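Reviewing the structure listed below.
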Amino acid sequence: MSWQWFHRLGSPRWFYQKTSAWLPWLGAVSLLLLAVGCVWGLGFAPQDAKQGNSYRIIYIHVPAAFLALAGYYIMAICGAIGLIWKMKLSFVVMRAAAPIGAALTFISLFTGAVWGKPTWGTYWVWDARITSMLLLFFLYLGVMALSGAFSREQSGDKASALLALVGTVNIPIIYKSVDWWFTLHQPATLKLTEASTIDPSMFYPLITMIAGFYLFYAWVLTLHTRTLILQREWRTQWVRELMGQPAAQSSSAARA
Amino acid sequence: METEQLATPLSASKSSSTSNPADTGASGINLSSAKSIPVANPVHVPGFHTLFRTELTLAVRRRSEIVNPLLFFVTVLAMMPLGIGPEPEMLARMAAGLIWVMALLATLLSQESLFRGDYEDGSLEQLALQAQPLYFPVLAKVLVHWMVTGLPLAVLSPLLGMMLNLDAAGYWPLMVSLALGTASLSLIGAVGAALTVALRRPGLLLALIIMPLYVPVLIFGTGTVQAALDGYSYGPQLAILGAILTAAAALAPLAAAGAIRISLEN
């Protein structure tokens, strides 16, 4: 098998041009899935026996929490690829993933608090899962802050990639926190290897929402990566042509 | 600045502004007579033992840097009962957690200067240039950092526990867990200190990136004391602290060495 596509993917220009064709499809499918999942979950799924209608926030809360954790891995793996193979694009994806992951972590914390009030009677407890999600939020913020703190872009890339890698030691703790500690947060309901402890009529809309969130994440990540690429490569010929600007002067062409 | 650095290769920029110039000069002279890094001859870069001894000598000479984190630790703990109320039962319940959090902050505060002086006067670059892995110099520096910050905190902790009305059953677990835990904190914090050494004002950024990584140590550190107070065996918690320390000793200096190389490129 040829690895050419992989090496080509490392070129920001190639990435930008390829994704132009994918983006509308990605966006359309993800929005469609999200719409179907929302209407199905919020409108047609049955009420929960104990929680009534308030459980329906699961359709936002769980997919957001999934992606908040998966997004950290995506960020850390991209950072590792950048550190090991010195791929420029990989660092760009890493930087793009950080604010999206932070936003998703915030959404899952916020919806968790809103859900906690009717079910547990409190917005916030220092429960293992909630606290570790808050730490995940700080990890994201730390990576963002560090990547922006360096005057040289490459140093910021490498430093934040290293920090993202070091931070991965906390992620398994977050995954397992509900199983290891007996706390207020319920244990995982969705399991890959055994039967889930959730009724199929609630499960299918949830799966639809999770799939929709994954595609939405990919869409937003690609969009943000493209923006960062344009910001970084603004001196190059192809970006100037893309922006409809006159061809670069000799000095900037030399730099590009 | 140039001449001052030449005269005192390691200590010039590291000595705190509060120490008087005579003190700095004296330590510089003593250093160059005791095997310090000769700037003129970068071939004689020190190995682990030499660097360890140099760092320890420097740390002992700059007494204020040893005493300041300890004073901070004690002062803030003395403030706590004023803020939350002096009821003995409440203090007893909070003592272990308060002491642990203050140990964490004291470590964090002293961490910023771990590589700073060496970065500013260029000796960090010399260390990175030598043939041996950067792992050992980093480990030597972290070890000295722990010996002058974490270890005294651990030794002092039963006294503070007594002042905060901690039950006597908690003294020994508190001391051992602090000794093990602060070593992990020094190691983990070294990664953050190395990542931010090239930045002009890293203080708050360092706290932001390192605090989340400190949390497991804090959980199991306070867990040790809590288990002892509740009359359970605290061996498992200590074992986990030991495991964290082992993993941190193996991996953190590697990450810090990588971070130093990144910072030197900046």
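Please give me the summed charge of the neighbours of B:P137: other residues whose Cβ is under 11 Å from its Cβ, Lys and Arg +1, Asp and Glu -1. Present the calculation step by step, with values, prior to reporting the outcome.
Numbers: positive: B:K141; negative: B:E55, B:D118.
Residues close to B:P137 contribute a combined charge of -1.
The mean of 1/r over all distinct Cα pairs in the stretch A:61-189, once inverted, gives the Kirkwood hydrodynamic radius of 15.1 Å. Ranking of A:D48, B:D230 by neighbouring Cβ atoms within 10 Å, starting from the fewest: B:D230, A:D48. The stretch B:106-162 and the stretch B:61-92 have Cα centres separated by 22 Å. Among residues other than A:Q17 with Cβ under 13 Å from its Cβ, the summed charge is +2 (Lys and Arg +1, Asp and Glu -1). Working note: Karplus 6.51/-1.76/1.60 with θ = phi - 60° gives the stretch B:101-106 the couplings 5, 5, 4, 4, 5, 4 Hz, where Gly and Pro are set to x.
Rounded to two decimals, the Cα-based Rg/Rh of the stretch B:90-157, with Kirkwood Rh, is 1.16. Listed values for the stretch B:204-209 are Karplus-derived 3J(HN,Hα) couplings in whole Hz (6.51 cos²θ - 1.76 cosθ + 1.60, θ = phi - 60°), namely 6, 4, 4, 4, 5, 7, and x replaces Gly and Pro. Contact order, relative form, for the stretch A:35-95: 22 percent (alpha carbon pairs under 8 Å, 6 or more residues apart, mean separation divided by residue count). The string of couplings for the stretch A:90-100 from the Karplus curve (6.51, -1.76, 1.60, θ = phi - 60°) is 4, 5, 5, 4, 4, 5, 5, 6, 4, x, 5 Hz, one whole number per residue in order, with x for Gly and Pro.
Rounded to the nearest 20 debye, the dipole magnitude of chain A is 840 debye, with +1 charges on Lys and Arg beta carbons, -1 on Asp and Glu beta carbons, and the Cα centre as origin. Can you give the angle from 0 to 90° between the axis of helix A:171-180 and the longest principal axis of chain A, with both taken from C-alpha atoms, to the nearest 10? It is inclined by approximately 10 degrees.
Once you treat every alpha carbon in chain A as an equal point and sum by Debye, what is log10 I(q)/I(0) at q = 0.07, 0.08, 0.10 Å⁻¹? Results for chain A at q = 0.07, 0.08, 0.10 Å⁻¹ read -0.30, -0.39, -0.59.
Considered as an equivalent ellipsoid built on the Cα gyration tensor, the stretch B:98-212 has semi-axes of 31, 15, 10 Å, the largest given first. Normalised by the number of residues in chain A, the average gap of Cα pairs under 8 Å and 6 or more apart makes the relative contact order 28 percent. Scanning residues 5 or more positions from B:N165 or on other chains, none has an amide H under 5 Å from its amide H, with H placed 1.01 Å from N in the peptide plane. Shape summary: the stretch B:39-133 maps onto an equivalent ellipsoid whose semi-axes, from the alpha-carbon gyration tensor, are 40, 12, 11 Å in decreasing order. At a Förster distance of 22 Å, what's the computed FRET efficiency of B:F48 paired with B:R200, Cβ-Cβ distance as r, to 0.05? Calculated value: 0.10.
No lab work stands behind these numbers, since they all come straight from the coordinates. The structure displayed is predicted, hence computed values, not measured ones. No Cβ is skipped: glycine too gets one built from the backbone with ideal geometry, and neighbour counts run over all protein chains shown.
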